[in-house]
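Just below is one structure, and these are the notes that go with it.
The values are calculated or read from the model by the stated rules, or taken from the named source; none is laboratory data. None of these values were measured; they are calculated from a predicted model. For neighbour counting, all protein chains shown are included, and Cβ atoms are generated from backbone atoms with ideal geometry for every residue, glycine included.
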Amino acid sequence: MDILKQIISNKPGRIALFILLLLYFAVIFAPLFAPYPYDGDDVMYSYAPPTKIHLVNFEKKQFTPFIYAQTYEINQYYQRIYQEDKTTIYPIKFLTKGFKYKFLGLWETDRHLFGVGKGKIYLLGADLKGRDIFTRILYGGRISLSIGLIGAAISLFLGLIIGGLSGYFGGKIDNLTMRICEMVMMIPSFYLMLALRASFPPNLSSTQVYLLIIVILSFIGWASTARIIRGMAISLRENEYVYAAKAMGLSHFKIIIRHILPHTISYALVAVVLRIPAYILGEAGLSLIGLGIQEPEASWGNLLSAAMGIVNIRLFPWILIPGLFIVVTVVCFNMLGDTLRDILDPKRRML
Amino acid sequence: MILEVKDLSVAYKSKTKYVDALKNVSLGVEAGEILGIVGESGSGKSTLALSILNLLPFSSKNQGEIIFNSKNIFKAKEKELEALRGNQIGLIFQEPASTFNPVLSIKYQFNEILKSKLKIKSKKNREKIIFDSLEQTRVRDPKRILKSYPHQLSGGQLQRVSIALAIALKPTVLIADEPTSSLDVTIESQIIHLFKELRDKYKLTIIFITHNLDLVKVLCNRVVVLYQGQVREMKTREELFKNPEDSYTRSLLDSFSELEG
């Protein structure tokens, strides 16, 4: 709680924390905020631009937000040019009915934060198949944001255990694990990631791919954490209270858990927060080149893969928006990590 | 004889070679006595204490035997050692402020030891043992002390608590490695009396390591003089002070009486 107060009193930390909480809140309640299901396509709206939202209709003296229906013409290059059809008005309704989903996976409901009835609203535009990018960003965020947390947590766990054992016992165990660490760290991580992904069959279900990506990312990530925890464990094991615990006949396991690892926790916390971006980017990288989450499931990486061609970006710039979310998230995690480090490092506190 | 050290040699690894810390040390401890081990710093006193519990660092090597209850400690398995440390041989360190984990409360550390060493499940029984042993060591206001963290207590209080922790496991031998060196004189004398009491009450065997001949004079039955890793003299207290044979012992006693004036 004290840490939380200090984060809030620090401006960059406060902003980062606020944005991240907002993002996580939005993706946890994705079906509530999303007007459509993540795979709800509509060929009539292929690459539809972000829908304009009108607040006031002077002709009809209407003061609630509404949108016009969209129609398109095909120009001489066989491109669709979307236009507003001013004759049809769809008012934006709040807490309206839409597709059915299970709220938090518990009870079924069909309420959504907003909707336009029979019309189509694309807050951030549509993709090739006419799916709502806003919806897909929310659903994709569930994967991208959770992979970061889970992956970082697993590699932290591995790093703590392996680094703790290695540093505490020293000798041969230490030598062996540190050489393995170096081997993992030696290979450029993206190539290692590709190689690991390539060693599994390509046609896996989305859940399998999700788990696989987590495993691959934590396999790459544990090494650097383990090395630093090991260094801390080596200095901590020389503390007199560790000797005292040994003299009391406490088992090695208990000593590591109680008297070594808790002292590394402030470092570990910072390391985790600063490592989460690497996992988010790792997933995005894999999905971008088509080895990660597969369509129709969304992740921020595979949403961006639609923006691989320069023509697409020029004609439909809104398909780059998922990239913006990745950037904002990564920057926020870095800001939060830096703030945490400043708070937890007593030597910096004086500055 | 409850504990016997036979021909013990310990060497620590330095960067290029091994440096001897103890050379062919042999001594015996009788049940119920207080054996003083005297020597200047670097004479191997603490190394001796650590070897009795087989707690020497990985980078050291050792020869010889330490027999406790007719078992060689150096040959014991890890599990046997865990059962031996604390439960049968307790160790009290020089610096009470650093023998406790600074981030855990005293109560937590007490409970942790009792849970894992004595396997006492019930909270009530544990609390009884904790308060009993704190009373034994004359800790004032035990409730407050238990709630506090190590940095909130004074050296004297902490040393009492660590003695309480050691005797809570009811060991037969207690090794005290310069337990009073970092305390002021009034607290020192109180702690020394405490050791005497414990010996009388529980028939506790105490190995008292010190560089202070004053304490040896009031406390110990027998004295071992260590110098540069070797036993120079092993005698009862009266004889040591009456007719020291070894040259080092004599110079030690001389410098001591010089200070006394």
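Points worth noting:
- Scanning region B:213-261 for residues that are part of a loop (DSSP other than H, G, I, E, B) and under 24 Å from B:I167 (Cα atoms) gives B:C220, B:N221.
- Test: residue in region A:128-150 that is farther than 20 Å from A:I53 by Cβ, at pLDDT below 90 and not assigned by TED's automatic domain parsing to the domain that holds A:H263: yes
- The set of residues in region B:88-104 being among the β-branched types (V, I, T), facing chain A (nearest Cβ under 7 Å) and surrounded by 16 or more Cβ atoms within 10 Å (Cβ to Cβ) consists of B:T99 alone.
- Residue in region B:34-49 that is surrounded by fewer than 20 Cβ atoms within 10 Å (Cβ to Cβ), under 19 Å from B:R199 (Cβ atoms), within 14 Å of chain A (Cβ to nearest Cβ) and under 15 Å from the mean Cα position of the chain (by Cα) present: no
- Subset tally (residues that are β-branched (V, I, T) and over 18 Å from the mean Cα position of the chain (by Cα)) for region A:1-35: 3
- The residue list A:I255, A:I220 contains one member that is at pLDDT below 90 and assigned by TED's automatic domain parsing to the domain that holds A:G163, which is A:I220.
- Residue among A:L124, A:L95 that alone is on the phi < 0 side of the Ramachandran plot and aliphatic (A, V, I, L, M): A:L124
- Within region A:102-129, the set of residues being touching a Ser or Thr at 6+ places or on another chain (Cβ under 7 Å) and charged (D, E, K, R) comprises just one member, A:K129.
- The single condition among (1) of a type in the set (V, I, T); (2) part of a helix (DSSP H, G or I); (3) surrounded by 15 or more Cβ atoms within 10 Å (Cβ to Cβ) that B:V139 does not meet is (2).
- One residue stands out in region A:301-322 among those that are assigned to a helix (DSSP H, G or I) and not aliphatic (A, V, I, L, M): the one that is surrounded by the fewest Cβ atoms within 10 Å (Cβ to Cβ), namely A:R314.
- Meets criteria (assigned to a strand (DSSP E or B) and more than 28 Å from the chain's Cα centre (by Cα)) for A:Y78: no
- Looking across region B:69-110, the residues that are assigned to a loop (DSSP other than H, G, I, E, B), polar (S, T, N, Q) and over 26 Å from B:M1 (Cβ atoms) come down to B:Q94, B:T99, B:N101, B:S105.
- Some residue of region A:2-15 being touching a residue at least 12 places away in the same chain (Cβ under 8 Å), in contact with a Cys (Cβ under 9 Å, 6 or more places away or on another chain) and closer than 21 Å to A:G141 by Cβ: yes
- Within region B:174-190, the residues that satisfy the criterion of being in contact with a strand residue (DSSP E or B) (Cβ under 9 Å, 6 or more places away or on another chain) and more than 12 Å from chain A (Cβ to nearest Cβ) are B:E178, B:P179, B:T180, B:S181.
- When A:G231, A:G221, A:G249 are screened for being touching a helix residue (DSSP H, G or I) at 6+ places or on another chain (Cβ under 8 Å) and surrounded by fewer than 20 Cβ atoms within 10 Å (Cβ to Cβ), only A:G231 passes.
- Scanning region A:104-119 turns up no residue that is surrounded by 15 or more Cβ atoms within 10 Å (Cβ to Cβ), at pLDDT 85 or above and assigned to a helix (DSSP H, G or I).
- In region B:152-169 there is at least one residue that is at pLDDT 90 or above, surrounded by fewer than 16 Cβ atoms within 10 Å (Cβ to Cβ) and not hydroxyl-bearing (S, T, Y).
- First in region B:101-128 and without any contact (Cβ under 8 Å) to a residue 12 or more places away in the chain, second anywhere and of a type in the set (V, I, T), Cβ under 9 Å, 6 or more apart: B:I120/B:I129
- Selection status of A:L113, more than 14 Å from every other protein chain (Cβ to nearest Cβ) and under 30 Å from A:L336 (Cβ atoms): yes
- Only one of the numbered conditions (1) part of a helix (DSSP H, G or I); (2) crowded, with 22+ Cβ neighbours inside 10 Å; (3) out of contact with any helix residue (DSSP H, G or I) (no Cβ under 6 Å at 6 or more places or on another chain) is not met by B:A176, and that is (1).
- Listing of helices (runs of 4 or more DSSP H) fully contained in region A:196-270 that carry 3 or more residues being more than 10 Å from chain B (Cβ to nearest Cβ): A:206-236
- Residues of region B:66-87 that are more than 9 Å from chain A (Cβ to nearest Cβ), buried (at least 16 other Cβ atoms within 10 Å of the Cβ) and in contact (Cβ under 8 Å) with a residue 24 or more places away in the chain: B:I66, B:I67, B:F68.
Conditions (1) of a type in the set (G, A, S); (2) surrounded by fewer than 16 Cβ atoms within 10 Å (Cβ to Cβ); (3) not assigned by TED's automatic domain parsing to the domain that holds A:F325, marked per residue:
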position	(1), (2), (3)
A:L4	no, yes, yes
A:I8	no, yes, yes
A:G13	yes, no, yes
A:L21	no, yes, yes
A:A26	yes, no, yes
A:P37	no, no, yes
A:V56	no, yes, yes
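- Residue in region B:50-66 that is in contact with a Gly (Cβ under 8 Å, 6 or more places away or on another chain) and at positive phi present: no
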